[in-house]
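Everything on this sheet refers to the single structure shown next.
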Amino acid sequence: MKRQLDMNKIAARLGAERRGKAPATGGYFGAMQLVADVEARFRVPAGGGRPTDPRWTERRLLPLAPRTLERLEAIAAKVHQHEGVNVEPMQLAALLLEKTTEQISEDEVKEFVRPRRRATR
């Protein structure tokens, strides 16, 4: 049986305070988190086919710049090469988009929105 770690106890012994989760966003740890997400979430559909997240029920077209698609393809290839996990570039895009929208705050959203200019008469 796997023993549970008491993170509050560990923090107290280190003289620290727990403030929540710190997401891994880049580098090696970000890549490992991405692989863990793919392995935990992707399942082969009942009728067979490519593994996917069963909660993804909406289908939309997503226009991309060629450079973005090339980068997604390169990341997907590295995940496959290093971890043996198959993920398609657009599945990777959906996963990254989902994770980013969960992490962005309302204040950060407001930074993207420009105030409308009033029409002058």
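Scan the range 59-78 and tell me whether some residue there is at pLDDT 85 or above, closer than 16 Å to Glu98 by Cβ and among the β-branched types (Val, Ile, Thr). Yes, the range 59-78 contains at least one residue that is at pLDDT 85 or above, closer than 16 Å to Glu98 by Cβ and among the β-branched types (Val, Ile, Thr). Identification of helices (runs of 4 or more DSSP H) wholly contained in the range 25-121 with 2 or more residues that are among the aromatic types (Phe, Trp, Tyr) yields 27-41. Looking only at the range 36-67, residues that are in contact (Cβ under 8 Å) with a residue 12 or more places away in the chain and of a type in the set (Val, Ile, Thr) come to 2 in all. Any residue in the range 3-17 that is of a type in the set (Gly, Ala, Ser) sitting within a Cβ distance under 8 Å of a residue that is in a loop (DSSP other than H, G, I, E, B) and surrounded by 10 or more Cβ atoms within 10 Å (Cβ to Cβ)? List the pairs, counting only those 6 or more apart or interchain. Close Cβ pairs (under 8 Å, with a partner that is in a loop (DSSP other than H, G, I, E, B) and surrounded by 10 or more Cβ atoms within 10 Å (Cβ to Cβ)) amount to Ala11/Arg18.
Working carefully through the options Leu96, Leu64, Leu72, find the one that is among the aliphatic types (A, V, I, L, M) and surrounded by 15 or more Cβ atoms within 10 Å (Cβ to Cβ). Please lay out each step first, then the result.
Details: Leu96 fails: surrounded by 15 or more Cβ atoms within 10 Å (Cβ to Cβ); Leu64 fails: surrounded by 15 or more Cβ atoms within 10 Å (Cβ to Cβ).
On inspection, the qualifying residue turns out to be Leu72.
Only one of the numbered conditions (1) on the phi < 0 side of the Ramachandran plot; (2) out of contact with any Lys or Arg (no Cβ under 8 Å at 6 or more places or on another chain); (3) at pLDDT below 85 is violated by Met7, and that is (2).
For Leu5, indicate whether it is assigned to a loop (DSSP other than H, G, I, E, B) and either loosely packed, with under 10 Cβ neighbours inside 10 Å or not basic (Lys, Arg) (or both). Walk me through how you get there before you give the answer.
Details: assigned to a loop (DSSP other than H, G, I, E, B): yes; either loosely packed, with under 10 Cβ neighbours inside 10 Å or not basic (Lys, Arg) (or both): yes.
Yes; evaluated as a whole, the condition is true for this residue.
The values are calculated or read from the model by the stated rules, or taken from the named source; none is laboratory data. Note that the coordinates shown come from a computational prediction; the quantities given were computed from them, not determined experimentally. Glycine also receives a Cβ, built like all others from the backbone with ideal geometry; neighbour counts cover every protein chain displayed.
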